[in-house]
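Engineer: Just passing along the structure, written as structure tokens.
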Amino acid sequence: MMTVEELRAMIAGGETLVVEFKETLDEEARESIAAFANTKGGVVLIGVTDHGQVKGIMLGKESLRDWVNDIAQATPVHPQLTPLTYQDKTIVVIQVDESPVKPVPCRGRYLKRVGKSNRKMTEDDLTRAILGKVGMSWDEVIEIRAT
């Protein structure tokens, strides 16, 4: 579980390969969850603007349960959601582990994390991920058209 000091340092460090700020749990936040799972894992902070301003978020009784269901409908990732109070505002920390089974889709789209942004995976990225899923590399694939 993340401490307030770790959260403070993360916000001060800005968005990175493994940190994304979002004001709400929207489609871009769900895409970031899938992108993190396809890359090295990461953290999505809900309630923080792209510039690191803490806006906070209002949570109802069932909000986190609804968010878990929403994420599950968009992607097969099961992140850990933790609400934290920071500067008297609520921030939700969504911790995403790197998926051992790739590629991970988000509503049928495959994304990866590149620097501070999410990018659509190329055919080559997808092929490598699928070969990795079955424990193979390009070197092991037989080219049936070769003579």
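The values are calculated or read from the model by the stated rules, or taken from the named source; none is laboratory data. Note that this is a predicted model, so its numbers are computed, not measured. Quick reminder, even Gly has a Cβ in these numbers, built from the backbone with ideal geometry, and neighbours come from all protein chains shown. Each accessible area value is taken on the protein alone, full model and side chains, heavy atoms only, with ligands, DNA and RNA left out. Shrake-Rupley method; radii C 1.70, N 1.55, O 1.52, S 1.80 Å.
Engineer: Give just the number: which of (1) at pLDDT 95 or above; (2) more than 19 Å from PRO103 (Cβ to Cβ); (3) open to solvent by 70 Å² or more (accessible area, probe 1.4 Å); (4) not polar (S, T, N, Q) does LYS61 not satisfy?
Structural biologist: Result: LYS61 fails condition (1) only.
Engineer: Consider region 49-108. How many of its residues are touching a residue at least 40 places away in the same chain (Cβ under 8 Å), assigned to a loop (DSSP other than H, G, I, E, B) and among the acidic types (Asp, Glu)?
Structural biologist: Total meeting the criteria: 2.
Engineer: Taking the stated definitions as given, is VAL92 hydrophobic (A, V, I, L, M, F, W, C), open to solvent by 40 Å² or more (accessible area, probe 1.4 Å) and modelled with pLDDT of 95 or more?
Structural biologist: Judged against the criteria, VAL92 is not a match.
Engineer: Then there is this: Just a yes or no: is a residue in region 43-65 closer than 27 Å to LEU131 by Cβ and of a type outside the set (Gly, Ala, Ser)?
Structural biologist: No, region 43-65 has no match at all.
Engineer: So, of the residues in region 95-106 that are farther than 20 Å from ILE46 by Cα and touching a Ser or Thr at 6+ places or on another chain (Cβ under 8 Å), which turns out to be surrounded by the most Cβ atoms within 10 Å (Cβ to Cβ)?
Structural biologist: VAL104
Engineer: Taking only region 110-121 into account, find how many residues are in contact with a strand residue (DSSP E or B) (Cβ under 7 Å, 6 or more places away or on another chain), assigned to a strand (DSSP E or B) and loosely packed, with under 15 Cβ neighbours inside 10 Å.
Structural biologist: 2
Engineer: Still on this structure, please answer the following. Just to be sure, is GLY42 touching an Asp or Glu at 6+ places or on another chain (Cβ under 7 Å) and surrounded by 13 or more Cβ atoms within 10 Å (Cβ to Cβ)?
Structural biologist: yes
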